[in-house]
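A short write-up of the structure that comes next.
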Amino acid sequence: MKRPPIVEASAEMPTSTRRAVGKSAAHYTAARVGALPSVFDDPEAARTRAAEIKQGVLDHLPDLLEQLEAACIASGIRVHHAQDAAEARRLVIEICRAASPAGGVVAKAKSMATEEIGLNAALEEAGFEPVETDLGEFVVQIDHDHPSHIVAPIIHKTKEDVARSFAREGLGEYTEDPEALTKQARAHLRGKFRSAAIGVSGVNFAIAETGRLALVENEGNNRLSTTAPDVHIAVMGIEKILPTEEDLALFLPLLAASATGQSITTYVHFVSGPKRGDEPDGPREVHLVLLDNGRSKVLAGPYQRILLCIRCGACLNVCPVYRQVSGHAYGHVYPGPLGAVLVPAMEGVEQFGHLAKASSLCGACEEVCPVKIPIPEMLLRLRAESKGDSWAAFAAGATHPSLWRSGLRLLPMAPKVGPLKAWSEFREPPRREGREFRKWWHSRSPVTPARSVEREPSVEHAAPRESQQEGASDAEALWARFQAQLEKLQGRIASLKELERLAGPWWVDGDAAERCPWTSTTDDVWEANVGVSLAVCAIAETGSVVLESGPAKTRLGALAPPVHVILVPQAQIVATLAEGIARMSARTSVIATGPSRTADIGGHLIRGVHGPGEVIVVRI
Amino acid sequence: MLTCLCDAFAGEVGIAAVRVLEAAGCDVEFLDAQTCCGQPPFNSGDWDAARTVARRTAALFQGDVPVVAPSSSCTAMMREGYAMLLPGESTPSTFELVEFLVRELGVTAWPPSPGPAMERSIAFHRACHGRGLHLGDLHEQLLSTVPGLQMLPFAQVEQCCGFGGAFAATHGPISAGIGMEKLEHLLASGADTVVSGDMGCLLHLRGLIERHGLAMRTQHVAQILAEAVPQ
Ligand code: SF4
């Protein structure tokens, strides 16, 4: 029997890879299960609400796209439309050529949309040097590999694999220590950030109302790629819109919890256009490429709801098939249950319909999906759409009871033919055990005609819990909560006095400098050991701070130095993420939560990968 | 409704299901003309063939007598599958065995009249189609009331066993790989028997157990419940 492509593709997979994927996937699944109830009073209600909001987006997509485009233009973001991958590549390359005619480094933040359009190869061909700056994507790139997971690109690699790759590329002394390896990557990529003329990113959520692009990440490479270079190009699938900024208070924690079990990612970067005249740093041009590439077709068809997807990867992690075969076996950048629907829906069932068959239909994907996409139902519809074997003979048998009965009686005796043959390749064939039901039934004394059974009312499923009212509104209680959250992430609160012990040189933002005296400052933010910024406010529920751009406020000061000191005025503390989002001004801002982090290498949590490894908050 | 797999291989499970329903006070009827719910062609993508079978089965079971199957998979087919396949048509009210006992009959403890303690320790595998039926831990809850029955915990309970109907044949190595991982966790629980509510899972796991010479038995939940009923 000819094996399905996914079986073929996974046949040569080493056991160590399968183990690595299974271990990480199980870890993320458990983290998600643990995080959701701690982030939401009622996770079910949160998922339902998220699905409704995204469905509303799909229902009004043309209008929202228009609104988004107008808002972007108003804030200085240049908007481009790409019908397909080729047009998107051409647009990006045109922008790059205009910005940097001589070629050079293009710093790339992790983005599935740019994977989808094959941007790296095109950039290379056009004479640029695309550099993946996410740790996992960087490993993928130097190994000439492909990501095998949409959130954790090197889920299929062990730390020993990474160690060999780094040594081969001359990044430093051979080591299998994830922390040392992370440092090597950090040092190597620093130079790339500084020399890149262009940064390319994806977009997690674009807000139609304000034209703001929300980018989420943990490492800090995304912010560096979109802050240090002169030009920022964001590539985004047209469905990744949310109507209002308020919606982010739901979607940011839902995405983070579903993806990695966090309550919010370390950084949520809010891009509101290019650097303004009074701002000291940031890109002078921001471009948004709106990518269709088959999405309009999917929107108009029976698989529309796959476009609700927020790319959290939870369905991959929980999927037993994905855990066995890893991402590459799917033969497309979107693997797992998400890919098994999206890819045939986008690219046609002729070529990719087979993916819908690579499922035991266990339903775990639908159960974990934060936007409740009915993936199994869509897999069934895809199977019905692709031409498969005819079951007419089976139907004929099943509509003739006597034929059926003799067929079933013969079945256990025929393990050498039909489906039982394929079955028996990996398992012992099933045997009949004990009595035959029908014989037993007929040997019983004649039964009384059926009477209907009195029905009890069926048990109602638990109604959504009322969300808890924010009890403590007084600032001290909020600060205590903030501190607890921050410390969980290994950040800390300190007094100004304690900071004197930190080794300089210091980079101090203008508005922070007014607050207190500093010594041994530097003019080169990349050389500083400590960066000091003044925050808009702190958010108690997540342990986050809100930082914005503005006169005398640098973006890089919060990113480049290994230690970041954040001054927060005593009274500027809010309880919830929603309140924090509401406090942001219209300028490019960031919600930063704890130190920069990664778990890309063998699942080990390392702090300070690209952004600061130490985060100190001072109440002033 | 007897499932095809019970019909062909595991008559004892059907017998046990009848005994359990009778112990709960039901009069049980079996229609000799029953065949299949139509799930195999439905899952394989031949909806015309599936519709033919489904229409016949729906007609056969029409009326207000509830239909009970010792399988969440066949139940899900007759509930959710028929809704997709035969939209707008009337379909029988079908329940999975334990779902029927607990949610329809209001059974909260098993057996209904006290019997001797069982002294067994098992690992319970949740069949995946219970998800669509929102069964949650209904089986475990009922089993936990059986005197002397110990349910041993194991890792990654939410994971499928890898059966998946035709998938087990078409994607053999993947299906078997998933099953072996499941068995690894089940064996680590220390239980000597894996119990589940679906014959598909059990036949698949048993096939793997026998091929690899593992020390584990398989039993359907109906058999455990029947065993607990005093003779
Ligand atoms: S389909 Fe759902 S679970 Fe899967 S990646 Fe998308 S949002 Fe996450």
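Worth pointing out:
- Peptides A:306-314, A:118-126 ordered by average Cβ neighbours within 10 Å, highest first: A:306-314, A:118-126
- The trypsin sites (Lys or Arg not before Pro) of region A:477-510 that DSSP puts in a loop, and whose beta carbon has at most 10 other beta carbons within 10 Å, are A:ARG501.
- Taking other residues whose beta carbon is less than 14 angstrom from the beta carbon of A:LEU499, and scoring Lys, Arg as +1 and Asp, Glu as -1, yields +2.
- Taking the centroid of alpha carbons for each part, region B:43-96 and region A:38-52 are 32 Å apart.
- If R0 equals 35 Å, the separation of the Cβ atoms of A:GLU246 and B:HIS185 corresponds to a calculated FRET efficiency of about 0.25.
- Residue-averaged beta-carbon neighbours from other chains (10 angstrom radius) around B:200-213: 3
- Amide hydrogen neighbours beyond the local backbone of A:LEU534, cut-off 5 Å, H modeled: A:ALA512, A:LEU567
- From the alpha carbon centroid of region A:157-181 to that of region A:558-578 is 34 Å.
- Excluding ligands, DNA and RNA and using a 1.4 Å probe, chains B and A jointly bury around 7000 Å² of accessible surface, summed across both partners.
- Summary value for chain B: 22 percent relative contact order, contacts being C-alpha pairs under 8 angstrom separated by 6+ residues.
- Residues whose amide H lies under 5 Å from that of A:GLN490, counting only those 5 or more places away or on a different chain, are absent; hydrogens are built 1.01 Å from N in the peptide plane.
- A helix-only calculation puts chain A at -12000 deg cm²/dmol for mean residue ellipticity at 222 nm, using -39500 (n - 2.57) for each DSSP H run of at least four residues, averaged over all residues.
- Cysteines without a disulfide-compatible neighbour (Cβ-Cβ under 4.7 Å), chain A: A:CYS72, A:CYS96, A:CYS309, A:CYS312, A:CYS319, A:CYS369, A:CYS516, A:CYS537
- Anisotropy class of the protein assembly as shown from Cα gyration tensor, a/c 1.5 cut: prolate
- Part-to-part distance (alpha-carbon centres) for region A:472-532 and region B:155-231, which is given in Å: 56 Å
- Estimated dipole of the protein assembly as shown in Debye, rounded to 20 [Cβ of Lys and Arg +1, of Asp and Glu -1, Cα centre]: 1860 debye
- Modelled label reach - A:ARG583, point 7 Å along Cα→Cβ, region A:509-530 residues with backbone N closer than 20 Å: A:509-516
- Accessible area in the full protein assembly, largest first, 1.4 Å probe, for B:HIS139, A:HIS80: A:HIS80, B:HIS139
- Under a model in which nothing but the beta-carbon of Lys, Arg (+1) and Asp, Glu (-1) is charged, region B:92-231 shows a dipole of about 180 debye around its Cα centre.
- Mean separation of Cα contacts under 8 Å (6+ apart) over length of chain A, as relative contact order %: 17 percent
- Dipole magnitude of region A:240-316 about its Cα centre (Cβ charges: Lys, Arg +1; Asp, Glu -1), debye to nearest 20: 420 debye
- For A:SER495 and A:ALA30, the FRET efficiency from 1/(1 + (r/R0)^6), where r spans their Cβ atoms and R0 equals 51 Å, is about 0.85.
- Phi-derived couplings, Karplus 6.51 cos²θ - 1.76 cosθ + 1.60 at θ = phi - 60°, listed residue by residue for region A:528-538: 5, 8, 10, x, 10, 10, 9, 8, 5, 6, 10 Hz, with x used for Gly and Pro.
- Classification of region B:85-130 by its C-alpha gyration tensor yields an oblate form. The axis ratio a/c (a ≥ b ≥ c) is 1.5 or more, and b/c is at least a/b.
- Amide H to amide H, with H built 1.01 Å from N, A:ALA540 comes under 5 Å of A:VAL574, A:ALA575, A:THR576, counting only residues 5 or more places away or on other chains.
- In order along region A:33-47, the Karplus-derived 3J(HN,Hα) couplings, from 6.51 cos²θ - 1.76 cosθ + 1.60 at θ = phi - 60°, round to 4, x, 7, 3, x, 7, 8, 10, 4, 9, x, 4, 5, 5, 5 Hz, and Gly and Pro are given as x.
- Spin-label pair B:ASP192-B:GLN150: with each label point 7 Å from Cα along the Cα-Cβ axis, the two points sit 1.2 nm from one another.
- Computed from phi, the 3J(HN,Hα) profile of region B:9-23 under the Karplus parametrisation 6.51, -1.76, 1.60 (θ = phi - 60°) reads 10, 10, x, 4, 5, x, 4, 4, 4, 4, 4, 5, 5, 5, 4 Hz, with x in place of Gly and Pro.
- With a 10 Å cut-off around each Cβ of B:155-164, the average count of Cβ atoms from other chains is 6.
- In Å², nearest 10: area of A:TRP518 left accessible to a 1.4 Å probe: 50 Å²
- Note on B:GLU210: accessible area is roughly 70 Å² with a 1.4 Å probe, heavy atoms of protein only.
- Shape analysis of chain B places it in the oblate category; the axes a ≥ b ≥ c from the Cα gyration tensor give an a/c of at least 1.5, with a/b not above b/c.
- Residue-averaged [θ]222 nm for chain B, counting only DSSP H segments that reach four residues, each worth -39500 (n - 2.57): -11500 deg cm²/dmol
- Note: relative contact order over region B:134-191, using C-alpha pairs below 8 Å and six or more positions apart, is 33 percent.
- Per-residue shielding of B:177-184, expressed as the average number of other chain Cβ atoms within 10 Å of the residue Cβ, stands at 4.
- For A:ARG19 and A:GLU476, a Förster radius of 51 Å and the Cβ-Cβ distance give a FRET efficiency of 0.55, rounded to the nearest 0.05.
- Listed peptides A:246-253, B:84-91 by packing density, highest first (mean Cβ within 10 Å): A:246-253, B:84-91
- Projecting the Cα positions of A:LEU605, A:THR576, A:VAL536 onto the charge dipole of region A:505-620 (unit charges on Cβ atoms of Lys, Arg, Asp and Glu, taken about the Cα centre) puts A:THR576 furthest along the positive direction.
The values are calculated or read from the model by the stated rules, or taken from the named source; none is laboratory data. As the structure is a prediction and not an experimental result, all values here were calculated from the model. Positions of Cβ are generated from backbone atoms using ideal geometry, with glycine treated the same way; all protein chains shown enter the neighbour counts. Heads up: the accessible areas ignore ligands, DNA and RNA and are worked out on the full protein's heavy atoms, side chains in. Shrake-Rupley method; radii C 1.70, N 1.55, O 1.52, S 1.80 Å.
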